[in-house]
Structures are given as structure tokens and as C-alpha cells.
Amino acid sequence: MFCQWKVAFYRGMWYNFGVKILGIETSCDETAASVVEDGVRILSNVVVSQIDIFKEYGGVIPEVAARSHLEVMMPVINKALSDADCSWDMIDAIAVTHAPGLLGSLLIGTLTARTLAILHNKPLYAVHHLKSHVYANWLSSEKSSALESEDFSGNLPTFPLLALVVSGGHTQILYMSGHNRFEIVGTTVDDAVGECFDKVAKILGLPYPGGPSIAEAALKGDALKYHLPHPKVPNLDFSFSGLKTAVLRAVQKELNLPISHPSHDLKNHLSEQQIYDFAASFQKTAVEILCEKIEKSKEKYPDARSVVVAGGVSANKALRTALPEAFFPLPTLSGDNGAMVGAAAYYEIQSGVSPTDPYTLNIYPRISIV
Ligand SMILES: Nc1ncnc2c1ncn2[C@@H]1O[C@H](COP(=O)(O)OP(=O)(O)OP(=O)(O)O)[C@@H](O)[C@H]1O
Ligand SMILES: [Mg+2]
């Protein structure tokens, strides 16, 4: 397919170019659509977040999330098309997140994409959410066509590479030998690091989502004030539930309260400075844990030529500072968005993946990347 488009040979691979993909993402609490050209160039990127709805609950309610997706799905897609100055006949393919994520949320996105693919006779690609997060690192907001310009040979990750995926539901290190070729190097045995940021923020009484709140509070805190232990996890796996409990115990100890004291009440006893210091100490420890595992992975995979970081937590400035040589997505593309779905689908197509059947596409709320 795409044989009528220009092709270019780059880094051992033929690329089609001029390919416009509509990417649709609804795996959790963002309704997003984007038009991406050649997997690298964003023509539009529309994200409607449900954060304001879930702030008062302190977390996502799956049924409410699904209903909210339904309300804004088509307006978001229409805006993505109009922002990109694209009519349907200019779109070459549709890509949608089909796994993993919240069941109801995935259903709304995939049912919409399936219907549009049938209606407009477009090939449909089903993309794994973590792949999409990784491919946010290939996206730029450059207006020039990357494949036509020198930019393309510029600052892009080089294979083989290590990808650190740090999000609300996942914490994994992946080894990528090439486009769309993934191997799991390490994974969390319990909580994801983003989940840990969210839970620690709750203990400290900081607003949802916890990651940005902790990062902001940490700016005013002393990161050396509280010593928090690093979990002893063998090999390259992670564990973050112990770190959350360590914060809980440290807060109780600091306040001279027993370990039976309910966690939801602790925030009422903490001073502002104590909150800032706990936020800073926690963030420092979480970042150190991630960096240690990346360093160990580099020892195990000495041929890795790049490190890319992806997922919501990759927006974290302390993490960006701690890994100065790693690739990070544009901060606006760290969280869920449709552009990364379009980018991932483009490279799937380049690797020979066939479109999926829009009449039978299924969703997989819990499925591994490999
Ligand atoms: N600046 C930040 N620092 C730390 N964490 C952050 C920051 N910004 C966002 N996060 C965290 O990122 C997570 C959301 O990321 P993302 O949207 O990728 O997760 P998700 O899509 O819900 O989960 P998954 O991608 O695993 O399915 C939340 O846990 C949030 O607290
Ligand atoms: Mg995500």
C-alpha cells in the first residue's frame, strides 16, 4: 500500500512519505485525535482531558470516563481534521489504541475508529498503548517535512535502544532492536511509578493528578530532608508499592502518630514545608530508582545506542535533568495523545504490519506489549 507516495531510503529502510494518519486515543481519561504525517510531523493534535472531572474524586471512575469519551469523541476528531486542513480523502489510514486500558474507554475509541474506517473506506491499524508512548519520541512539531529535510537525519533515537516507559499504569524497560521490535527487559512487580506519584500525592494532600503536583511542591522542598529506602528488587524489575508505604511510615513518624493512623487524615497534620520536603524527597528517590535500573540495563545491553523515556512521568523535570543524554518526548506529548498513536502506526506499517479488520477488531484491557 501507499505505493503512489514518494519513497526514501534511510538508515537501512525504505520509507513512504506524504502518508497522513489519523490517530485516535481513548485508553484512559483523555479523548484525543491527531493527524500525523510520516510518523514524525504533527499536523494537528487535539486532547480533551477529563482531569477536571476526576479532580474531586482523586482518581478515574471508569464508567464516567467512558461516557465522557462518548460525548466529545466526534468533535475531537472533527477538530483534528480541520486543524490539519484535511478532508477525509486526504487521510491515508486510521490508527486507534486497542490495548491496554480501561475497557469502556477503549471500546468508545475502537468502535468510533472501526465505524469511520468502514464509512470512509480507510485501512485501520490497532496500536498497543505503550508502543504509542515510545513513539512520541519520534514526533516533532517541525513544520518542514522531516523526510524531505535534513531534520530527519538529525536528532532521532538510534537502534538498538532502551526505552523506559513510565506512566500511570506501567513501568517497564524495553529493548528495541529496530522499529516495532520490542523485548521486555524489566517491569514493575507491583505499582507503576505514576501510580506511586498519585498515591503519595494523596497522602500529602496534593491535588490529582499527583505527578505534576508533586513536581511543583518539590521545587520548594529539601530533597535530602527524609531518607527513603530503595527497594531491593532483583534483576531489572521495579517495585514502587514499598516506596509509597515508606513515605506513609515516614510521615506518621514525623508527626509522632501510630502506624494505625489513617493515611487520609495525615495531610491535616502536615505543615506546608513538610509537604514540600516529603514531595522533594520522594521525587528524588523515585528518579534515582529509575536511573539506577537504566544504568544496569545499559550494562546488560552494551550495544544500546540510545535511551528513550516515555509515558506521563516522562514530563517530570527532575527525571529529564537526571538523564541528560536520553530522548524525551515534547512535554506536551508525554501524556496520552493521538499523535503518538499515528506515529506508532506509521512505523508498524513500515515494518510490514497489515491493517486490521474493522468488522472484528477487539480490545484487550490487559495485554503485554510482546
Ligand atoms: N510532571 C510529572 N511528574 C511525574 N509524574 C507525572 C508528571 N505528569 C504526569 N505524571 C503522571 O503520569 C501519569 C499519567 O501518565 P499516562 O497518561 O501516560 O498514564 P496512563 O495513560 O493513565 O497509564 P498507561 O499509559 O500506563 O496506560 C500519572 O500517574 C501522572 O501523575
Ligand atoms: Mg498512557
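The values are calculated or read from the model by the stated rules, or taken from the named source; none is laboratory data. Just so it is clear, the model here is predicted, and its values are computed rather than measured. All Cβ positions, glycine included, derive from the backbone under ideal geometry; neighbour counts span all protein chains shown.
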Residue list for region 255-289, filter: closer than 15 Å to HIS227 by Cβ and surrounded by fewer than 17 Cβ atoms within 10 Å (Cβ to Cβ):
GLU288
Being out of contact with any strand residue (DSSP E or B) (no Cβ under 9 Å at 6 or more places or on another chain) and under 23 Å from SER306 (Cα atoms) is the filter; apply it to region 321-361 and report the residue that is nearest to ligand 2 (Cβ to nearest atom).
PRO331
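Yes or no, residue by residue, for (1) within 27 Å of GLN172 (Cβ to Cβ); (2) more than 16 Å from ligand 2 (Cβ to nearest atom); (3) of a type in the set (A, V, I, L, M, F, W, C); (4) in a helix (DSSP H, G or I):
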| residue | (1), (2), (3), (4) |
| --- | --- |
| GLY211 | yes, no, no, yes |
| LEU228 | yes, yes, yes, no |
| PRO234 | yes, yes, no, no |
| LEU243 | yes, yes, yes, yes |
| LYS253 | no, yes, no, yes |
| PRO258 | no, yes, no, no |
| ASP265 | no, yes, no, yes |
Residue within region 296-309 that is closer than 23 Å to ARG181 by Cβ, assigned to a helix (DSSP H, G or I) and within 11 Å of ligand 1 (Cβ to nearest atom) present:
no
Quick one: ALA322 ticks every box in (1) in contact with a Cys (Cβ under 8 Å, 6 or more places away or on another chain); (2) within 11 Å of ligand 1 (Cβ to nearest atom) except a single one, so which number is it?
(2)
What do you reckon, is VAL48 under 20 Å from the mean Cα position of the chain (by Cα), without any contact (Cβ under 8 Å) to a residue 40 or more places away in the chain and either under 25 Å from GLU348 (Cα atoms) or within 16 Å of ligand 1 (Cβ to nearest atom) (or both)?
yes
Condition met for ASN337 (within 20 Å of PRO209 (Cα to Cα) and part of a loop (DSSP other than H, G, I, E, B))
yes
Region 183-200 - residue that is more than 16 Å from ligand 2 (Cβ to nearest atom) and touching a residue at least 60 places away in the same chain (Cβ under 8 Å) and, of those, surrounded by the most Cβ atoms within 10 Å (Cβ to Cβ):
VAL200
Can you pull out the residues in region 302-318 that are away from ligand 2 (no atom under 16 Å from the Cβ) and either crowded, with 17+ Cβ neighbours inside 10 Å or under 21 Å from GLU195 (Cα atoms) (or both)?
ALA304, SER306, VAL307, LYS317, ALA318
Among GLY104, GLY39, GLY18, GLY58, which is the only one that is surrounded by fewer than 20 Cβ atoms within 10 Å (Cβ to Cβ), within 29 Å of THR360 (Cα to Cα) and in contact with a Phe, Trp or Tyr (Cβ under 6 Å, 6 or more places away or on another chain)?
GLY18
Can you name the residue in region 123-150 that is closer than 15 Å to ALA343 by Cβ and modelled with pLDDT under 95 and, of all such residues, is surrounded by the fewest Cβ atoms within 10 Å (Cβ to Cβ)?
SER141
